[in-house]
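J.: Shown below is the structure under consideration.
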Amino acid sequence: MILILKPDATEDQVQHVVARAEEMGFQTHLSRGTFRTIVGLIGNEEKLQAIPLTAIPGVAQVVPVMSPYKLASLDAHPQPSVVRVGRVPVGGGNLAMIAGPCAIESLEQMRTIAAAVKKAGANILRGGAYKPRTSPYSFQGLGEDGLKILREVGDEFDLPVVTEVTDPRCVERVDQYADLLQVGARNMQNFVLLSEVGQAEHPVLLKRGMSATVDDVLMSAEYVLSQGNSNVILCERGVKSFDKATRNLFDVAAVAAVQRLSHLPIIVDPSHATGRPDLIPACAFAGIAVGADGVHIEVHHCPEEAKSDGPQALLPEQYSELVDRIRELASLMGRRIPTADGEVA
Ligand code: PEP
Ligand code: MN
């Protein structure tokens, strides 16, 4: 940790800063420049995080040396992590191909979509049972009945399943049915929920909040990791912007930025990022090209009848064509799409 003192810090203040730091058990290193004095603190930086150092008279700025997300950081784990969802490895060159409807509507609907996306090459099936809707009058999801359908269809088609958990009280229940627990954009900073999924048995898919910075996402991942669940996959799904051309602003650079800071796999969700089926393929390719560890896409066999997010759903045949092209792009980049059985041919 480095403390930069104010230009007008008095000698008494400099000595007070040094004395306070030494009291806390730190070695200090004083460096006096023409305009500024800086104090280097040598010791366990974690201990300093709870102390309001800028409240000490004369201190202008505090510059941490270590990253605040210790477990999520590349410092803690210099190689990319591989997270297993069912038998599917995600990360380290293995791409998650998550596909399915926004919401689980019926057993028949899930069977139809699961058959199609499995045939197309998806390796993880998605479907929402608890839907975080903007309006309380919109379809809220089938709840536990939806979880049962998802599990049954996942087993029938031998696909691991992911579904969103919106409430800390439901984590145990969702953990019983799902292979991957999704924390949605609206809950990315629900710290109680993050701590709870941090104690779950299954891995977590953490979506970036719509106004969250890259640092915010990594700090949220840290909540999960710090509770003992070391299996976290991040997801870039677009941030709020002024432009109505797309539903959100797909921040493809954030994927590369996260990979410079963290070992955690990160996938992209061009469905929620763009809200436009005609733009989903281009953004999926961009995500893979920039280094994403997978693609999350909403697929529905009859979008006009979908109970949630129908306008952004790809038809199964469009999804199939997209997977073929992603496979080509991935192989050019030395990456691969494992099968749902975890084979990485
Ligand atoms: C979803 O995956 O259906 C969803 C609601 O996503 P997000 O949290 O990114 O809006
Ligand atoms: Mn959706």
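The values are calculated or read from the model by the stated rules, or taken from the named source; none is laboratory data. Since we're looking at a predicted model, the values are computed, not measured. We place every Cβ from the backbone using ideal geometry, glycine too, and count neighbours over all the protein chains shown. Remember, those area values only see protein heavy atoms, side chains included, never the ligands or the DNA or RNA. Shrake-Rupley method; radii C 1.70, N 1.55, O 1.52, S 1.80 Å.
J.: Name the residues in the range 75-102 that are in a strand (DSSP E or B), in contact with a Ser or Thr (Cβ under 9 Å, 6 or more places away or on another chain) and more than 20 Å from Val174 (Cβ to Cβ), would you?
T.: Within the range 75-102, just Gly91 meets the criteria.
J.: How many residues, within the range 241-264, are within 16 Å of ligand 2 (Cβ to nearest atom) and open to solvent by 40 Å² or more (accessible area, probe 1.4 Å)?
T.: Total satisfying the criteria: 1.
J.: Here's something else I'd like to know. Quick one: how many residues across the range 265-299 are of a type outside the set (Lys, Arg), within 16 Å of ligand 2 (Cβ to nearest atom) and open to solvent by 10 Å² or more (accessible area, probe 1.4 Å)?
T.: Result for the range 265-299: 5.
J.: Can you tell me how many residues within the range 205-245 are more than 24 Å from Lys70 (Cβ to Cβ) and charged (D, E, K, R)?
T.: 4
J.: For residues in the range 35-51 being free of Cβ contacts under 8 Å to residues at least 40 places away in the same chain and of a type in the set (A, V, I, L, M), which is least open to solvent (accessible area, probe 1.4 Å)?
T.: Ranking the candidates gives Val39 first.
J.: Which residue out of Ala340, Ala345 is away from ligand 2 (no atom under 13 Å from the Cβ), outside any helix (DSSP H, G or I), modelled with pLDDT under 95 and not charged (D, E, K, R)?
T.: Unique residue meeting the criteria: Ala345.
J.: Show the residue pairs that are 6+ apart or on different chains and have beta-carbon atoms under 8 Å apart, the first residue being within the range 133-146 and under 15 Å from Glu164 (Cα atoms) and touching a residue at least 12 places away in the same chain (Cβ under 8 Å), the second being outside any loop (DSSP other than H, G, I, E, B) and open to solvent by 40 Å² or more (accessible area, probe 1.4 Å).
T.: These pairs meet every condition: Glu144/Arg173.
J.: Moving on to the next point. Output the residues belonging to the range 52-62 that are open to solvent by less than 50 Å² (accessible area, probe 1.4 Å) and of a type in the set (Val, Ile, Thr).
T.: The answer is Ile56, Val59, Val62.
J.: Right, next: Can you confirm whether the range 323-331 contains a residue that is without any contact (Cβ under 8 Å) to a residue 40 or more places away in the chain, away from ligand 2 (no atom under 16 Å from the Cβ) and outside any helix (DSSP H, G or I)?
T.: For the range 323-331, residues without any contact (Cβ under 8 Å) to a residue 40 or more places away in the chain, away from ligand 2 (no atom under 16 Å from the Cβ) and outside any helix (DSSP H, G or I): absent.
J.: Which is modelled with pLDDT of 95 or more, under 12 Å from the mean Cα position of the chain (by Cα) and buried (at least 19 other Cβ atoms within 10 Å of the Cβ), of Gly141, Gly184, Gly154?
T.: That would be Gly184, the only listed residue that is modelled with pLDDT of 95 or more, under 12 Å from the mean Cα position of the chain (by Cα) and buried (at least 19 other Cβ atoms within 10 Å of the Cβ).
J.: Mind listing whichever residues of the range 208-236 are open to solvent by 10 Å² or more (accessible area, probe 1.4 Å), in contact (Cβ under 8 Å) with a residue 40 or more places away in the chain and within 23 Å of Arg87 (Cα to Cα)?
T.: Leu225, Ser230, Asn231
J.: Taking only the range 93-134 into account, find how many residues are over 19 Å from Leu159 (Cβ atoms) and open to solvent by 40 Å² or more (accessible area, probe 1.4 Å).
T.: Qualifying residue count for the region: 2.
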